[in-house]
Amino acid sequence: MNRVTLRWTGAAFAVLLGISLFINASAQDASTAEAAGRVDTTASGASGAADQAAAEQGARAELEAAYQQEYAFLVAQKRALQARIESFRGQGQAEVSQTEQRIDTLQGSVLGLDSDAKGLRQSMNVLQRQREAARQNADILDATFQQARTTFGEYGRRALMSRQSFADRGEAGRLAAVFTRARGLLRDLTSIRQQPGAFFSREGRKLEGTLIRVGDIATFGVAGDAAGALAPAGGGELKVWEQASADDARALAEGRTPDQLGMFLYDSLDTAAPTEESEGVIAHIHSGGPVAWVIVAVGVLALLLILTRIVLLKRAGTSTGRIVRAVGEKLEKRDIDGALDVCERRKGAAANVVAAALKNIHRDREQLEDVINEAMLRENTRLERFGSLIMVISAVSPLLGLLGTVIGMITTFEVITQFGTGDPALLAGGIAIALVNTELGLAVAIPALLIGSMLSSWADRIKDDMLKAALRVTNHYEDVETAAMRKAA
């Protein structure tokens, strides 16, 4: 409406502007004509002045009449335009009012629709949660039926789940049937029941008799003279256990419960129970791998060296006191040759050192001590023979055991990498290598270290005895010579 009003107002101003320009142009023409008339009057004389004035007067009257007419027309147009403007303004206000009312109505509708949309979204969320809960319940039911099928299958009760009538039932009916059968299974697993059946005797004969089941973890069998606890034989069969339990089986068959039951507990009848066999020494060592045999070889070598060293020390450790007394008796008589014979008859390190001292008994004290030290060095070589090697073996054996342990752990980790940790039997080989090598290494090292230390102490005592014997013989000879010189003086 404002655009229409502006359009009409602009048209009115344009008309007024045109009229003003026309009036100005007419005035200019009149002035020009008047000037021309004056010129003409001057030129032609006063005779045409009256005609010119009359003409001008007539033109001015016509112009004023035209102006008045045009002005009246413009005033009428203005009024008409103002009336139309007022009409348009009223229509515009009415349309604005209607539009505002419509907007208010639409806003109310939008708010209502928004509220409805929120309600629908909430309802949709509730339905989605209900749908998710229903899906979860369905998954739980499927898992329950699957677990029931697996559990019943493990205990030999697959018949219920495989029947067509079970599949035709609704979920509530199937669930009720599963729980009913589960209660029966629990009752069987927690009770002692008897049923006819067959089992194998220790000799391998199949016997028909009575099976007394203790839950589903142990079974006793009675068939005539054969009775006892039963162990899995593989393939769902049972066999008489190796340990004696016939009295317990007969007591259960008669309805009596012994104070103590000797039974074989099992998880499944599909796997045969292993026969109890003691592992031999060779098999035990072989389970440790090549390093275990190396440790055993080192241990055998250490044993041979220890025995050899014991023999050597036994020969070298002849009674020093007897040698000193026998040699002293000969020296009392100044019988050096007899003393040497005594040393030759008595073998040993002390006898050899004393013999070396007697052979050089006439030398100076310093020279005699040098001879004794030289003889002791020769005997030390014999006394220390294999001692260092035994101590080396005692130190190397644990390291070999550690090497075997590392190899066993590497083997175990390789098995875990390839097959995982699900089967303990696959891990047993690597663990056996690790533990057996550690065991053998310590079994060799500990005795070798202890016995080697004891033999070293024994050798040190023999060395002390050698030195003491040589010094006692030397001192005794000097005392005898001094006493003889005093008598001669």
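Derivation of every value follows stated rules applied to the coordinates shown; laboratory data play no part. Just so it is clear, the model here is predicted, and its values are computed rather than measured. Cβ atoms come from the backbone with ideal geometry, glycine included; neighbour counts cover every protein chain shown.
Say each of residue 180 and residue 225 gets a label point 7 Å from the Cα, pointing the same way as Cα to Cβ; how far apart are those two points in nm?
Going by the 7 Å Cα→Cβ label model, 4.8 nm.
Checking the cross-link filter: which lysines have an alpha carbon closer than 26 Å to that of residue 333, excluding same-chain neighbours under 8 positions apart?
347, 359, 468, 487
If you wrap a convex hull around the Cα atoms of segment 290-488, how much volume per residue is inside, in Å³? Spell out each step's value before the answer.
Details: hull volume 20.1 nm³, N = 199.
Roughly 101 Å³ of hull volume per residue.
If the cut-off is a Cα-Cα distance under 25 Å, which lysines reach residue 206, setting aside same-chain residues fewer than 8 apart in sequence?
239
Extension gain residue 257-residue 479, at 0.36 nm per residue separation less the Cα-Cα distance, in nm? Can you show the working numbers first?
Working: separation 222, 0.36 × 222 = 79.92 nm, distance 9.37 nm.
Contour length minus Cα-Cα distance gives 70.5 nm.
Where Rh is the Kirkwood radius over the Cα pairs of segment 193-272, the temperature 37 °C and the viscosity 0.692 mPa s, what D in µm²/s does Stokes-Einstein return? Mind dumping the intermediate values first?
Details: Rh = 12.1 Å.
So the translational diffusion coefficient is about 271 µm²/s.
Given 0.36 nm per residue, what is the gain on full extension from residue 130 to residue 409 after removing their alpha carbon distance, in nm? List each step's numbers first, then the result.
Numbers: separation 279, 0.36 × 279 = 100.44 nm, distance 5.36 nm.
Separation in residues times 0.36 nm, less the Cα-Cα distance, equals 95.1 nm.
If we count other beta carbons within 10 Å of each Cβ, what is the order of 477, 71, 266, fewest first? If you can, show how the numbers build up before the last one.
Numbers: 477 22, 71 12, 266 17.
With the fewest neighbours first, 477, 71, 266 line up as 71, 266, 477.
For segment 385-400, just list the computed ³J(HN,Hα) in residue order, Karplus coefficients 6.51, -1.76 and 1.60, θ = phi - 60°, integers in Hz, with x standing in for Gly and Pro.
5, 6, x, 5, 5, 5, 5, 5, 4, 5, 8, 7, 4, x, 5, 5
Karplus couplings for segment 58-73 from phi (6.51 cos²θ - 1.76 cosθ + 1.60, θ = phi - 60°), rounded to Hz, Gly and Pro as x?
With the stated coefficients, segment 58-73 comes to x, 5, 5, 5, 5, 5, 5, 5, 5, 4, 4, 5, 5, 5, 4, 5 Hz.
Give me the Debye-computed log₁₀ of I(q)/I(0) at q = 0.11, 0.29 Å⁻¹ for segment 405-474, equal point scatterers on Cα only, no solvent, two decimals.
Here the Debye-derived log intensity ratios amount to -0.51, -1.10.
Once Rh for segment 321-433 is found with the Kirkwood sum over Cα pairs, what is the Stokes-Einstein diffusion coefficient at 4 °C and 1.567 mPa s, in µm²/s?
Estimated diffusion coefficient is 68 µm²/s.
Once amide H atoms are placed 1.01 Å from N in the peptide plane, what residues at a sequence separation of 5 or more from residue 238, or on another chain, have their amide H within under 5 Å of its amide H?
Close amide H contacts, sequence-distant or interchain: 200, 233.
Fully extended, how many nm does the chain gain between residue 51 and residue 110 (0.36 nm per residue separation, minus their Cα-Cα distance)?
On the way: separation 59, 0.36 × 59 = 21.24 nm, distance 8.46 nm.
Roughly 12.8 nm would be gained on extension.
Evaluate the distance, in nm, between pseudo-label points positioned 7 Å from the Cα of residue 487 and of residue 71 along their respective Cα→Cβ axes.
Placing both labels 7 Å along Cα→Cβ, they lie 19.6 nm apart.
So what are the ³J(HN,Hα) numbers for segment 428-440, from phi and the Karplus equation (6.51, -1.76, 1.60; θ = phi - 60°), rounded to whole Hz, Gly and Pro as x?
Karplus-based 3J(HN,Hα) across segment 428-440 equals 5, x, x, 5, 4, 4, 5, 6, 5, 5, 4, 4, 5 Hz.
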